[in-house]
Structures are given as C-alpha cells and as structure tokens.
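Heads up, the thing below is written out as structure tokens.
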Amino acid sequence: MKTIVSKYMLFEYLAGRANPLERQLVEDWIRDQENAEAFNQWLMEYETKCPQFVPDQDAAISILLHRLETDIEPAAEFSKSIVQNPRPNFFSARSNSFWLMAASVTFFVGAGWWFREPLQYKTYQTAYGQTTDVYLEDGSRVALNSNSKLRIPRFGFNDEVRNVDLEGEAEFSVSHTIDHKRFVVKTSDQFQVEVLGTTFSVFARPRGTKVALKSGSVRIDYSQNNERKEVMMEPGDLAVVDHAGAVKLAKKQDTNTFAMWKEQRYVFNSTSVKDILAMIDENFGQKVKLSSAEMAQRTITGNFKTKNADELLKTVSEVLDMKIEQNGDTVLLKNQ
C-alpha cells in the first residue's frame, strides 16, 4: 500500500509535533524516491516560512573554499558550521541525505552563495621576495612576480573571452585556442590588455602601469577623460601610462629585460635611485630612506643578480659609493 503524506502532515513532522504513527508515515514517504521532488518543494516552503537554522556564511564559505582547494570533503564539519540550531537526528541514513541536499539548496538560494566572488574566482598571490609560475587550463603560463595577485575563473574559461585580473607584475605566455578565444588581462576598470596568442609583461603597481611586448600582438584598451581609446602594440614596443592617463608607446625596446626577475636578476638602464628604492619596496617590502633629496636622482646602469633586498641594497651602495645604516626596521642610505 502506497504511503500518502500531505503538506500539513510534513509541516507538523518538521515542527516536531507529529505523533509516533505520523512520524513513521512521513519517514516511509521520504524514503520513496518518487516523493523527492515534492519533499524538496515542501521543505523549501517550510524553511521560508519557519527557518530552522541561522547560517554562519563566513565560516561556511571558508570551509567550502578549503574543500575546493584541497579536494577534501568535510561533510560533518560543513554541516556543523552552517547550522547553529540543528534538528534532532530522527532520520534514517537515506532520509538524512535528503535533508542535507535540501538544506544545502535552501542555504545556497537564501544566502546567494554562488554570487559570492571567492566561489567564482581563484586567486594566486605571492609574498614579498617570492615568484611563482601559474599554469592555466587553456595551456597559458603566467610568471607572477613578488607581491602580486592574479585572479582567474575557478571553473575554467567558459565565456567567449578568457578574462584574468592582475595586481602587481607578471609575464604572460598566452596559448592560442582553436576557436580564437581572446585573452584579456585587466588591471583596473580603465585599463586592459587584449591578445590572441603572445608573450608580454604587465607592470601594474600604484606608481604606474607598463606593458612590454616580446612576441605576437596585443591591443590596449583604456579610458582617458571618460573616453574609450585603444593602442595596438608590436614586438619590441613598450607602453607606459602617463600621469594624465594617456598611453605612450616606445618602439624597439629590449623587452626581454622586463621579466628578468624570474631569474632573480635586475636590469637597470640609467635607472634612478628613486625608482630602484620603489622597486625594492614593491618586491621585498623593504622601505629605504635617503639622507638627502639629490641622491634620488642618481642613476645606475647594469645587470645585477640578487636574491633579496639586502643584496640589492649592498650592490646599489657599492656602485654609488653610499653607506647603509640600519636602525631596527629602518634603512637609511647616506653618502660616504
């Protein structure tokens, strides 16, 4: 004989007001796969009218992200974290799975989980003095410099454009796809680099933005005075955004030197001390002061291999005949 359960009986059961016979009828009804759709629909309605749990969204997101990163399935930990007032365990194992599935659906819809940014994107971030290679699912490679952040879609490039976001500095080796899908590196709402298949470096830090093209071709889209503009680049071009927001193009540059940090090497070509100290701050988190303003304009030319800020500062001081004084975390460069 087929068990028949009404919505009212299920609601009484969920509220804990059903008698033993009614509880048995409801549990038998839940076990039947044919009732799964009705059960989930009524459960959603009941949860909307009479919520039985208070979600801890931050804790749940943290656990889910950990699961995505490590492929661990902490089901018990997950359910414990999102339910502060759990229901009594009077289900069989089969009906318990129904509860977990339905409660998860209710939680996702109610909290708007899927639209939370951490679930849609994966972020790679390097510390000071650290570099790393990131391999994308389309075959592209990104060499990420220190103190930089790369954000990519967590579940692959499913849109017509392969979009990534960059804060800091990176070299991109972009693979061409058979469907000619574009690859776009976005550094801000006003600036992005678009390619099909090429190798280029992007510098996007607070003190400026640069793009150096090694091979292929790219298009820079940017906004200046609320007007959309674009610049096409060829191999050997260096694009620099000036203080007015315009892109200036320099031809026939040695673009191979712009990603030498991958080999822990720094190439200076009449580079000012001011810029070198800014780079030390960006890459190693070491702030350096000068004893006089005129020292900032002195320049260095050369190719130097260095592993850390101390080695680079020592090189700079020896080349320019300066002296390093350190007092706690403060580093001061002085003339001899």
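The values are calculated or read from the model by the stated rules, or taken from the named source; none is laboratory data. Everything quoted here is computed from the prediction, not taken from an experiment. A quick note on method: Cβ atoms are made from the backbone with ideal geometry, for glycine too, and the neighbour counts reach across all protein chains shown. For the accessible areas, the whole protein counts, side chains as well, though only heavy atoms, and no ligand, DNA or RNA atoms are used. Shrake-Rupley method; radii C 1.70, N 1.55, O 1.52, S 1.80 Å.
Descriptive notes on the structure:
- Selection count where residues are over 18 Å from Ala278 (Cβ atoms), more than 37 Å from the chain's Cα centre (by Cα) and in a loop (DSSP other than H, G, I, E, B), scope the stretch 312-330: 1
- Only residues that are of a type outside the set (A, V, I, L, M, F, W, C) and either modelled with pLDDT of 90 or more or on the phi > 0 side of the Ramachandran plot (or both) were counted across the stretch 299-309, and they come to 3.
- In this entry, Asn158 passes the filter for residues that are at negative phi, open to solvent by 50 Å² or more (accessible area, probe 1.4 Å) and assigned to a loop (DSSP other than H, G, I, E, B).
- Among (1) closer than 30 Å to Thr177 by Cα; (2) modelled with pLDDT under 90 - the single one Ser215 does not satisfy: (2)
- Answer residue from the stretch 14-33, given it is free of Cβ contacts under 8 Å to residues at least 24 places away in the same chain and open to solvent by less than 40 Å² (accessible area, probe 1.4 Å) and is farthest from Glu45 (Cα to Cα) among those: Ala18
- Restricting the stretch 169-202 to residues that are closer than 21 Å to Asp254 by Cα and among the small types (Gly, Ala, Ser), the residue that is surrounded by the fewest Cβ atoms within 10 Å (Cβ to Cβ): Gly197
- Once the stretch 107-138 is narrowed to residues that are open to solvent by less than 50 Å² (accessible area, probe 1.4 Å) and part of a loop (DSSP other than H, G, I, E, B), the residue that is modelled with the highest pLDDT is Thr126.
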